[in-house]
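Below is one structure, written out as structure tokens, with a few remarks after it.
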Amino acid sequence: MNNPLGLWEGFLGGEKVCVPLEAISHLWQAGCIDVVCHRPGVFEETPGLSDRVRGAFGRQLHPGGAGPRRHDTDILWTLLFESMPLLDGGRAPHRPAVLSAVYDGANIRVRLMLLGDVRRYLNAAAHALRAGLEHGIAVRPNGIGRQPLPVVAMTTRWIEGLVLPPGPDAEVHLHFLTPLSIRARGRSRRSASGLLPGLVQKVAEILPMMGLTLDEDSRRAVLRAVEHVTVEDGAMILTRWKRHSVRQLGRTIPMEGMTGRVTLAGPLSDLWPILAIGTQIHGGGMGLFGLGRYVVAGFDDGAFSPAPPLPWPGDLALA
């Protein structure tokens, strides 16, 4: 097995290239897996759907799980699921992936995004995700009882840079497809007021995964823009649900977040690259649990990353 601290230090270490804000979108790197699943006969639409998909994915990567053991599988388990060692400053690093599962009224659409250098494990992640979905997501606490999600379509994409179409001048609407969760001092905030500062910080902390860091002038310009943008979240709806932690021996954990529309008004030009990247890394916290996925009104799902899908599976065949 891997040494978690050594793996994280190797992953985030090394020289970083200092770049201006306008260069970030061109240098952005990620791997994307999109899956369409049939809605099963017995299906409970819940804000915790993404977390249940995450659990099925994790069971395939777990060292004691059903999935095949490969070196890249072990690395994915360490980076995405093992307890994270604290890095400089006593903070835990962001996970280098986000996941979401959304029911569109006909099918369940799952997306797994691997960020930065972790995209090299795209094929292993695709294999584990598909196997987990078809083996089934949990329908009761502790993973007891499973509902298979038959996969009808699956694509992978290598994202080499984002395309930024001209952005709005003074106002933009963000539609949250999964609940937005923002926490401060250990407590949930029932407001989107912390969305932009948190998103800027998240981008800054994820860039080192790609060997990049934001230059100081750009960082100051972005923070100035944040101070002059108003955030209107009156169209958001508070949602509550519960998740069950296998790691904590089945403990029930109350969850809450907000779905719906957030309107941003003000000088948006300096924030446009951050908002575009946010569609890939989610807003707020717990992105790997599926929280905080949003789309920008007026821009379709592929507007920022038009890379064509690749055939799948590649060098891995399903068991």
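List of remarks:
- Applying the Karplus relation 6.51 cos²θ - 1.76 cosθ + 1.60 with θ = phi - 60° to segment 166-177 yields 3J(HN,Hα) values of x, x, x, 7, 9, 8, 8, 10, 10, 9, 8, 7 Hz, where x marks Gly and Pro.
- Remark: accessible surface ordering of 59, 190, 119, 39 (largest first) is 190, 39, 59, 119, probe radius 1.4 Å.
- Accessible surface of segment 192-283 [probe 1.4 Å, protein heavy atoms]: carbon and sulfur percent: 52
- Whole-Hz couplings from phi, Karplus 6.51/-1.76/1.60, listed for segment 263-270; x for Gly and Pro: 10, 10, 9, x, x, 9, 4, 6
The values are calculated or read from the model by the stated rules, or taken from the named source; none is laboratory data. Not measured: the values here are computed from a predicted model. Heads up: the accessible areas ignore ligands, DNA and RNA and are worked out on the full protein's heavy atoms, side chains in. Shrake-Rupley method; radii C 1.70, N 1.55, O 1.52, S 1.80 Å.
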